[in-house]
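Right, one structure below, let's go through it.
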Amino acid sequence: MKRLFAGKKKYLWLLLFFGMAVAFCCTFFCRKSKSEQMVQDCIFADIDRDGKEDKIVLLWKRGRFGKHRPFWIKEDETDLSQHIFIYDVLEGGELKQKWFASDIGREVRRMKIIGPDKDTLLLEDVDGNNTLWRWQSFGLKNVQNEVKMVSFGDNVIHQEIMDYADRNEGGKYDFLYEPFAKEIKSADIATFGAETVLVDKESAISGYPSFGSPLGVGQALADAGFDVAVCGNNHALDRGIYGIDVTTSFYEASGIKSVGIQKSTDTEYRPYEILARNGLRFALFSYTYGTNEPEASLKYPNIVHYLPFNEDDRKRAVEDLAAAKKEADFVIVFAHWGNEYEKEVSAEQTEMAEFFAGAGADVIIGSHPHVGQKVDEITNSDGGKTVVFYSLGNFRAFQGKSEDTRTGAEAVVWFEHCYDGVRIKGYEIKDVDAFVGVR
């Protein structure tokens with residue numbers, strides 16, 4: 001007892017008091033607890049999805065195991081430890097024990113049932129860590145309660161890169177993304193800035209200043225394991241409507257969501273895409289300040305998504321983000337903005353970031369300056385914090401203007417379920433060697 005609760009006497013007394021209160025309130029269902037057990041919490045749910053209500057009890061008892069312990073354990077401990085008991089609730093309130101967990105191994109502060117089907121148990125420990133448990137076969141199994149998203153900056157396929165691939169790689173582009181294989185594989189969601197559109201005709205292939213990248217680039221990105229192509233940028237219309245249609249069709253066929261552009265055949269504006277991972281849903285937006293060939297947008301108004309500069313566009317953007325908040329747990333905005341080669345954030349970027357935060361964005365990831373810019377937190381519409389990566393700089397490029405254009409950044413963000421809903425668990429930024437020094 002002293003060993004388990006050393007330095008936690010205050011917590012123990014509160015826990016004992018709370019356990020006694022819960023046990024008293026649950027007497028009708030639980031009957032009287034055994035003298036060596038103290039009920040901390042109890043809830044009702046169809047945890048095993050059999051159509052019948054179960055009773056889930058969080059309690060303290062002496063010993064880590066029940067009467068059936070592993071054969072290699074000769075004697076059980078006598079200290080108190082936490083356990084989960086699950087009972088079938090029979091007619092008349094009778095209880096039949098269904099499942100018993102050995103010592104949880106952590107000090108759980110509280111628990112609740114979550115999920116659209118109300119079949120997932122969330123446990124929060126005294127340190128604020130959250131774990132999810134779901135019934136599988138016979139008993140509760142720990143399931144993933146975290147989504148890791150990695151985002152890279154501008155993927156710019158200059159002519160020098162294409163020439164190198166043709167000469168030395170048999171026209172393949174896997175060499176560009178192999179250095180990041182471990183990071184991409186470790187992520188649940190991996191995104192990149194698709195600064196250059198894809199084309200399927202040799203005559204349309206070109207580098208700076210009007211880009212058209214061969215389908216081999218797209219194939220290498222798909223093979224690397226990317227999930228999202230962020231296509232809203234100033235080069236989106238470099239190959240006109242043709243480039244947009246080839247790009248969106250290729251990524252769709254490859255299982256990659258393209259955001260920020262739409263096919264010419266799309267008759268309705270689709271401001272965001274939904275991506276689901278580990279029980280969490282993400283709404284993904286992509287906007288650009290403009291395009292190099294804007295005339296195409298006059299005939300096809302949905303084809304590129306532009307940043308909301310005027311009052312009407314801002315009203316629509318607010319409505320779009322509000323709709324996304326209802327459909328998703330997190331709203332991610334990718335913004336192509338700022339001044340090229342400037343490490344300082346512009347006033348326009350700051351103002352636009354505040355607008356998106358006020359409209360409900362949880363994370364904002366910027367591109368276009370081709371150099372890295374600061375990471376910041378600003379207050380959002382929920383009173384929480386929006387994380388802003390103002391510019392990730394280059395991802396893959398042959399742009400040796402300065403050391404700053406040769407070094408990009410990778411944004412890493414972790415999301416999770418928590419007792420009060422969902423939250424950003426943490427984030428970090430990593431340096432990326434962006435310069436492709438091909439000969």
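The values are calculated or read from the model by the stated rules, or taken from the named source; none is laboratory data. Not measured: the values here are computed from a predicted model. Positions of Cβ are backbone-derived with ideal geometry, glycine not excepted, and every protein chain shown enters the neighbour counts. Ligands, DNA and RNA are excluded from the accessible area calculation, which covers all protein heavy atoms including side chains. Shrake-Rupley method; radii C 1.70, N 1.55, O 1.52, S 1.80 Å.
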Q. Can you tell which of Ile261, Ile332 is touching a Cys at 6+ places or on another chain (Cβ under 6 Å) and either open to solvent by 70 Å² or more (accessible area, probe 1.4 Å) or not small (Gly, Ala, Ser) (or both)?
A. Ile261
Q: All but one of (1) touching a strand residue (DSSP E or B) at 6+ places or on another chain (Cβ under 8 Å); (2) farther than 17 Å from Asp154 by Cα hold for Asp238, so report the exception by its number.
A: (2)
Q: Name every residue in the range 335-364 that is out of contact with any helix residue (DSSP H, G or I) (no Cβ under 9 Å at 6 or more places or on another chain), within 10 Å of Val388 (Cα to Cα) and open to solvent by less than 10 Å² (accessible area, probe 1.4 Å), in order of residue number.
A: Ala353, Ala357, Val363
Q) For the range 159-199, what are the residues that are exposed (fewer than 15 other Cβ atoms within 10 Å of the Cβ) and either assigned to a loop (DSSP other than H, G, I, E, B) or hydroxyl-bearing (Ser, Thr, Tyr) (or both)? A) Gly170, Gly171, Ser186
Q: Output the number of the condition that Gly393 fails; it satisfies all remaining conditions of (1) open to solvent by 10 Å² or more (accessible area, probe 1.4 Å); (2) closer than 21 Å to Ala194 by Cα; (3) in contact (Cβ under 8 Å) with a residue 40 or more places away in the chain.
A: (1)
Q) Are there any pairs with C-beta distances below 7 angstrom linking a residue in the range 25-50 that is open to solvent by 80 Å² or more (accessible area, probe 1.4 Å) to a residue that is modelled with pLDDT of 95 or more, with the two at least 6 apart or on different chains, and if so which? A) Arg49/Trp135
Q: Look at the range 335-380 and say how many of its residues are more than 26 Å from Glu403 (Cβ to Cβ), over 20 Å from the mean Cα position of the chain (by Cα) and among the acidic types (Asp, Glu).
A: 2
Q: For the range 414-432, state whether one or more residues are in a strand (DSSP E or B), open to solvent by 40 Å² or more (accessible area, probe 1.4 Å), closer than 23 Å to Asp376 by Cα and touching a Ser or Thr at 6+ places or on another chain (Cβ under 7 Å).
A: yes
Q: Identify the residue in the range 89-123 that is among the small types (Gly, Ala, Ser) and outside any loop (DSSP other than H, G, I, E, B) and, among all such residues, is farthest from the chain's Cα centre (by Cα).
A: Gly92
Q. Of all the residues that make up the range 124-158, how many are of a type in the set (A, V, I, L, M, F, W, C), more than 20 Å from the chain's Cα centre (by Cα) and either in a strand (DSSP E or B) or surrounded by 19 or more Cβ atoms within 10 Å (Cβ to Cβ) (or both)?
A. 4
(Q) Pairs needed: first member in the range 253-277, more than 15 Å from Ala236 (Cβ to Cβ); second member anywhere, among the aliphatic types (A, V, I, L, M) and open to solvent by 30 Å² or more (accessible area, probe 1.4 Å); C-beta distance under 9 Å; at least 6 residues apart or different chains. (A) Lys257/Ile274; Pro271/Ala323; Tyr272/Ala323
